[in-house]
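Take a look at the structure below.
No value in this document is a laboratory result; all are computed from the given coordinates. Since we're looking at a predicted model, the values are computed, not measured. So basically every Cβ, Gly included, is an ideal-geometry build from the backbone, and we count neighbours across all protein chains shown.
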Amino acid sequence: MRLAQRTLCNAAAGVLAPGYDRRCLSRGMVHLGLGAFHRAHQALYTEAAIRHGDLRWGIVGVSLRAPRAVRALAAQDCLYSVTERQGPEATTRVVGAVVQAVYAPDAPERVIAAIADPAVHVVTCTVTEQGYSQHPSSADLDTGDADIRHDLAHPDAPRSTLGVLAAGLRRRPATAPLSIVCCDNMPSNGDTLRRLLGQYAGLVDPALARRIRNEVALPNTMVDRIVPAATPASLGWAQQRLGLRDEAAIVCESFTQWVIEDRFAGPRPAWEAGGALLAGDVRPFQAMKLRMLNGTHSALAYAGQLCGLATVSAAMADPVVGAFARAVMAELRATVTAPRGYDVDRYASALLQRFRNPALEHHTAQIATDGTQKIPVRWLPALRESARAGIERPCLERALALWLHYLRAACDDAGRPLAIRDAGAPALAARLHAAGSDEQAVQQALAHRAVFGDAPWPAPFVQRLAGYLALLRERGAASLLSLCTAESLNR
Ligand code: CS2
């Protein structure tokens, strides 16, 4: 039997139901990017606010790219389950906060009308780092992006995130303030979205650009929860637990965190009911999370991929890769300024514990995706600051070499081919392949402005990377990492 409003009463004992009358929910929020992360994160905070008694916050969930989640949700009255697993412990809740699911290419008008609706006060977004049409090297709007070109020519039938937001805002009454909450893993994510949306609007309608500058609130946020993509196995496991088939079921960790800059233009859900922290300055939290969690995650992802370790918990359990991850985390930790009153060392050990969670099938291949978007915010600021200060970061530098080797070799230590999913990768891989030596390969790669920016890297840094690349080519990732961890243990 499939999960739906009328079958909810058949859910297994112990499964938590919404606990409020969904028929009384009105729509108050739009979300762009209806993937698993939103459903296990912002939607749950919103669910908590609704359970608290404020029924204004039903979510219109929009997918801009992939129809799968929308189709699954539409077939089950937009209900879905979230199971939080930490080792042997598990809690399952059916979430009722999503009231409509829309695949934007099918119904762009519905999406624009929802954003324009004065009863909607908040739009949240999780469209991934590359969903904001940012030019890789200038960080400004990429006017060459195919979707942006399309939207500039057809602003009322947009495809891109920026185009959709701008079209909704243009249609929205001037008297209805709006807050747009970016929830993607980017530093100063709200400020970044404000800049890009303003630049896009400036090309479509200067009055709209002024309105975005002066009236729309775009708070910065730090979001955190490990939510692996669903697999047939996780869907089957959830079915056993729920007693119903849920094609949109999520299995994730129990940890969750949301720090939001307290800057809204109008009403918002009381996300504090789900534990959200409203703060004056979110940037220290963002830097800490992006570097320590996401930075170490990416190191585990490339090390895991190259050493034949399919999941994060398997990579953590491997003596060499696990020790490497701890050493990378320690190096990144040294570059972080603690948010006021925050115990960063405790945060670091909690992170390592979370990575070890054996109940999660978090695939290293998933985290390895889109490296050209992720590495510039996860590793490069720490490497740049350290290089400028003349500080060597032996393990993080090796992580960078691992990534370049992964792109160049495209196969693991055992010679098995690796599927690289990253639209920006071919350009970087081409530079690596064209080079005649490892040193040239590093020089060519670091000169790729879209990823590495403009400033030159110090010669000793280049030489160290070239040495690591040579070792990787000759002896593979496991050898480089055993040497690295032995060295860092001797320090
Ligand atoms: C991961 C993140 O896929 C990735 O790149 O590093 O999705 C990570 O799981 C989340 O940011 C955790 O909050």
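Odds and ends about this structure:
- Principal axis dimensions, largest first and in whole angstrom, of the chain by Cα: 64, 56, 44
- Length gained when the stretch Ala17-Thr91 is fully extended (0.36 nm per residue, less Cα-Cα span): 25.5 nm
- Calculated on C-alpha atoms, the gyration radius of segment 191-310 divided by its Kirkwood radius gives an Rg/Rh of 1.09.
- Segment 283-490 - Debye-derived log10 I(q)/I(0), Cα point model, q = 0.08, 0.14 Å⁻¹: -0.24, -0.77
- Along its first, second and third principal axes, ordered by size, segment 198-243 spans 54, 22, 17 Å in Cα coordinates.
- Working ranking of peptides 311-318, 28-35, 139-146 by packing, defined as the average number of other Cβ atoms within 10 Å per residue, highest first, is 28-35, 311-318, 139-146.
- Counting charges near Ser179 (Lys, Arg +1; Asp, Glu -1) among other residues having Cβ under 13 Å from its Cβ returns a value of +1.
- Rounded to 5, percent antiparallel among DSSP beta bridges of segment 5-279: 30 percent
- q = 0.25, 0.26, 0.28 Å⁻¹: log10 I(q)/I(0) that the Debye formula gives for segment 281-353, counting C-alpha atoms only: -1.07, -1.13, -1.25
- For segment 311-388: rounded, prolate or oblate by the Cα gyration tensor [a/c cutoff 1.5]: oblate
- Enclosed volume per residue, in Å³, of the convex hull spanned by Cα atoms of segment 398-472: 85 Å³
- With both labels modelled 7 Å from their Cα along Cα-to-Cβ, the His154 to Ser349 distance reads 5.7 nm.
- Descending principal axes extents, segment 5-279, alpha-carbon based, whole Å: 56, 35, 33
- The protection proxy used here, the mean number of other Cβ atoms lying within 10 Å of each residue, ranks peptides 100-106, 121-127 as follows, highest first: 121-127, 100-106.
- Working ranking of peptides 342-351, 355-364 by packing, defined as the average number of other Cβ atoms within 10 Å per residue, highest first, is 355-364, 342-351.
- Local electrostatic count at Asp77 - Lys and Arg +1, Asp and Glu -1, tallied over other residues with Cβ under 9 Å: +2
- Inter-probe distance in nm under a simple model that places probes 7 Å from Cα toward Cβ, at Ala310 and Ala430: 3.4 nm
- Calculated on alpha-carbon atoms, Rg and Dmax of segment 204-271 in Å: 19.2, 54
- The stretch between Ala414 and Ala338 holds 23.3 nm of extra length on full extension. This uses 0.36 nm per residue minus the Cα-Cα distance.
- Sequence-distant residues sharing a close amide H with His31 (under 5 Å, placed H): Val60, Gly61, Val62, Thr124
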